[in-house]
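Structure, as C-alpha cells:
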Amino acid sequence: MGSAAIEIDGLTKDYATGFWRKKRRRALDGLSFEVKEGEVFGFLGPNGAGKTTTIKLLLSLIFPTSGTARIRGRSIDDVEMHREIGFLPEQPYFYDYLTAREFLDYSAQFFGFNAAERRERVARFLERVGLATAANVQLRKFSKGMMQRVGIAQAILHDPPVVILDEPTSGLDPVGRREVRDIILDLKKQGRTVFFSTHILPDAEVLCDRVAVLLGGKLQGVGTPREIMAIEVQGMEIHFELAAGQPLPAALANRATPTGSLYRLEVPEAQLYDTIEQLRGAGARILSIAQLKPTLEDYFFRLVGREKGPAYSIDGSVK
Amino acid sequence: MSNVPAVVAVNTFRESVRDRVLYNLIFFALVMIAAAVVVGKISIGVDHEVIINLGLTAISLFGLVMAIFIGVALVYKEIEKRTLYSLLAKPVRRWQFLTGKYFGLLLTLTVNTAVMCAGIFAALLYVNHKLVRSDAHILVAVYFILLQLALITAIALFFSCFSTPMLSTIFTLGFYIAGTFASDIRGVGAITGSLTLKIVTSMIYYLLPNFSNFNVIAVTAHGYAIPKALIALNTAYAAIYIGAVLLAASAIFSNRNLK
C-alpha cells in the first residue's frame, strides 16, 4: 500500500429543496479522506448518511457544490479516468432483456476490446462470479444474488485498479454475502483498491483494512476497524463457576448472569482486581478473564445515538 | 472512443426489437394497410390513391406514436432503473449516450417504416397486380416521414433530458401540433397588420419545426413527383434542426444531477 488511489478533499453537496427550489439541504459536508492503493476501504454509515452521494460524486453522476476529488491522481471530471475504475451500483438493475453474456459483452465494448478479447473475457468473468451456467439466461430471470454477481462481473471485467462497490452485500442471503466477500478478498489479493459502502458492519470488520464512518453527511472518523473500535474501553468479562450450594457474594449477585453452573460477569476495568478478590473469597473458580472489545456495530450505534458533534480524526490519515 | 454512440445505438435498437409493444405497433400498422386494401376495393377508380394515402398516413401516425412514446422514455427509463449509473461509470460521455440513444431509436423507426412501406407496395401489387413508375414517389414520401420522425424523436429526447415522460409527451405533442401549423401561425401575423405580431409570429415560425414541409402524402397519392430541390431543402433543414436540438439536449443533460 502506498500512494492514494482516491483523494477526497472538502467534498460538499447541497440539494435544492422545496417548491421554489430555494431551500438547501446539505447531503455531504466537507468530506475529506484518502484511500490508499491496494487497500480494501469500507465506507460506513446508516441509510441517508451520504455514502451513495459520495460515490455518485466520485463518478460524476452528480456534481459537487464545493470541494474536489481525484482517483489515481486524475480529476473526477475526467471521463477517461473511468477506464481505471469499476463500479457496482446499489441494488443493481441492468438491461433485463439481455442475457448475462450479452450484457457483459455490451459492457466490454466501451473499453475497446475486440470481439475475440470480449468473448474470452466475458467467459472468464462469468466463470469467476459463478454464472457460467446462466450465461445465456435473460437478466429478467436472475435472482438478486445473481444480479449482484453479474454486476460485479461488469465492474471488474476490464481489470480496473480501483473498484467502487455501493452496498455490495445488501439484501443478499448469507451464501450470497459470502460469495461477494470472497470476490472482494480476491480483488485485494490481486492488489486492487476496493472502496465499498455498507451498513452491514460485520462485512466491514471482516474485509476492510480501513474504514470511514459517515453520519448526517459528516465524517465521524477514519481508521482501521481495530482503531475505530478501540476508541473507548468497554470493560472486562469474567467467567466463573461456584461449588454446589455455594452462594454468590451479595455485591455481585445482581450483576452476574448464570448460564447453567457457570456465571458471566461484566465489570469496569478499574474494579477487576476487587471483583477477583470477592470471587476468591466466595470460593469461586475463575475460568476466564477477557477484555470486552466493542464491535464496529457498537461504535456505530453509539454514533447514531449520540448528539451530532464535530467530526474527529482517529489516525493521521484524516485531513 | 468514437464508437460509443454506435454501441449504445445498437443496444437501444435491440431493446426496441425485444419489446413486445413494438411488435404490436407493427401489427396494427399492417392491419391498417390491409384496411386500405379493403377501402381501396370499394373506392371505384381511386383505389390506387386511397391505398397510398391511407398507407402513408398509417406509417406517419404509427411512427409518430413510436417516436413520441419511446422517445420520451429513452433517458427517463435509464435513470429510473439506474441502468445509466453503471454505464456512465464507464468511459462514456453523456453526449455520447444521448446520441447513441437517439440513433438507436431512429434505427428502430427506420426498420419499422421500411416494413410498413413494404406493406404498401404489397397492397398495391395485390390490388393492381403491378407497380407503376409513379409508385417510386412513395419512397420519397416515406423518406420525408422518416425525416419528420427524426425531428420528433430529437424533440422527445430533448424533453426527456429534464422532464417526466408524461410532461415530455405533452410538450412533444404540443411541438408537433404547433409545428404542423407553423406556416399558419406566421400567416396570422402577416394578415393582422401589426408589426410586433408579425415579428413574434415569424420568430415562432422559425423556432418551431415546420412539419408541413414534410407532408407530401396527397401529392404522392396523385402520382406527382417531388421536386429534387424540396428533397435537398428538407434534408438540410432536418439535419440542422436535429443537430441544434441534440446539442441543446446534450448541454442540459451533461449538467444534470442524476439523483
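Nothing in this text is a laboratory measurement; each read-out follows from the coordinates by a stated rule. In this text the structure is predicted, and so the values were computed from the model without any measurement. As a convention, Cβ positions derive from the backbone with ideal geometry for all residues, glycine included, and neighbour counts pool all protein chains shown.
Span-like helix criteria (full DSSP H runs; alpha carbon extent of at least 24 Å along the helix axis; mean Kyte-Doolittle hydropathy of at least -0.5) are satisfied in chain B by B:20-42, B:47-71, B:94-128, B:137-160, B:228-254. Close amide H partners of residue B:223, meaning residues 5 or more places away or on another chain with modelled amide H under 5 Å apart, do not exist here.
Here the contact order of the range A:236-291, divided by its residue count and restricted to Cα pairs under 8 Å and six or more residues apart, works out to 57 percent. Measure nothing fancy, just the Cα-based angle from helix A:296-305's long axis to the longest principal axis of chain A, in degrees from 0 to 90, nearest 10. Once rounded, one gets 90 degrees.
Residues whose amide H falls under 5 Å from that of residue A:86, counting only those 5 or more places apart or on a different chain, are A:162, A:163, A:164, with hydrogens built in the peptide plane. Note on the range B:28-46 and the range B:162-237: Cα centroid distance 29 Å, given to the nearest whole angstrom.
Out of A:154, A:138, A:220, any idea which swings most in a Gaussian network model of chain A, alpha carbons joined below 10 Å? Maximum fluctuation in the GNM of chain A, among the listed residues, is at A:138.
Taken about its Cα centre, the protein assembly as shown carries a charge dipole of roughly 1200 debye when the Cβ of each Lys and Arg holds +1 and the Cβ of each Asp and Glu holds -1. Computed from Cα positions, the angle between helix A:115-128 and the longest principal axis of chain A comes to roughly 20 degrees. Comparing A:226, A:255, A:210 in a Gaussian network model of chain A (Cα springs below 10 Å), the most mobile by mean-square fluctuation is A:255.
Got the relative contact order for chain A handy, in percent, Cα pairs under 8 Å and 6 or more residues apart? Could the numbers behind the result be given before it?
Working: 585 pairs, mean separation 64.7, N = 319.
Relative contact order of chain A: 20 percent.
Each label point was placed 7 Å from the Cα along the Cα-to-Cβ direction; for residue B:136 and residue A:261 their separation is 10.7 nm.
Subtracting the Cα-Cα distance of residue A:274 and residue A:3 from their residue separation scaled by 0.36 nm leaves 92.6 nm. Under a model in which nothing but the beta-carbon of Lys, Arg (+1) and Asp, Glu (-1) is charged, chain A shows a dipole of about 880 debye around its Cα centre.
Would you mind ranking A:104, A:279 by Cβ crowding within 10 Å, fewest neighbours first? Display every interim value, and only then the final one.
Details: A:104 25, A:279 21.
With the fewest neighbours first, A:104, A:279 line up as A:279, A:104.
Relative to the longest principal axis of the Cα atoms of chain A, the long axis of helix A:144-156 makes an angle of roughly 60 degrees. Considering only B:12, B:166, B:178, the residue lying farthest towards the positive end of the dipole of the range B:4-254 is B:12, judged by Cα position with unit charges set on Cβ. Positive end of the dipole of the protein assembly as shown (Cβ unit charges, origin at the Cα centre): among A:3, B:44, B:151, the Cα lying farthest that way belongs to B:44. Note on the range A:1-106: with charges restricted to the Cβ of Lys and Arg (+1) and Asp and Glu (-1), its dipole about the Cα centre is near 700 debye.
Ignoring everything except DSSP H segments at least 4 long, calculate the 222 nm mean residue ellipticity for chain A; use -39,500 (n - 2.57) per segment, divide by total residues, nearest 500.
-9000 deg cm²/dmol
What number, rounded to the nearest 500 deg cm²/dmol, is the helix-based mean residue ellipticity at 222 nm of chain B, given -39500 (n - 2.57) per DSSP H run of at least four residues and division by all its residues?
Details: 12 runs with 206 residues, N = 259.
It comes out at -26500 deg cm²/dmol, rounded to the nearest 500.
Remark: the residue A:132-residue A:289 segment gains 51.5 nm on full extension, using 0.36 nm per residue and subtracting the alpha carbon distance. Of all DSSP bridge pairs formed entirely within the protein assembly as shown, close to 70 percent run antiparallel. Please tell me which of these pairs span more than 24 angstrom C-alpha to C-alpha: A:188/A:218; A:141/A:188; A:144/B:101; B:41/B:228; A:51/A:144; A:141/B:259? Those over the limit are A:188/A:218; A:141/A:188; A:144/B:101; B:41/B:228; A:141/B:259. Placing a pseudo-label 7 Å from each Cα along the Cα-to-Cβ vector at residue B:27 and residue B:44 gives an inter-label distance of 3.7 nm.
Take every DSSP beta bridge whose two residues both sit in chain A; close to 70 percent of them are antiparallel.
Using alpha-carbon pairs under 8 Å, 6+ residues apart, how would you state the relative contact order of chain B in percent? Kindly include the intermediate steps, with their values, before the conclusion.
Working: 316 pairs, mean separation 65.7, N = 259.
Value for chain B: 25 percent.
In this label model, residue B:199 and residue B:237 are separated by 2.5 nm, measuring between points 7 Å along each Cα→Cβ vector.
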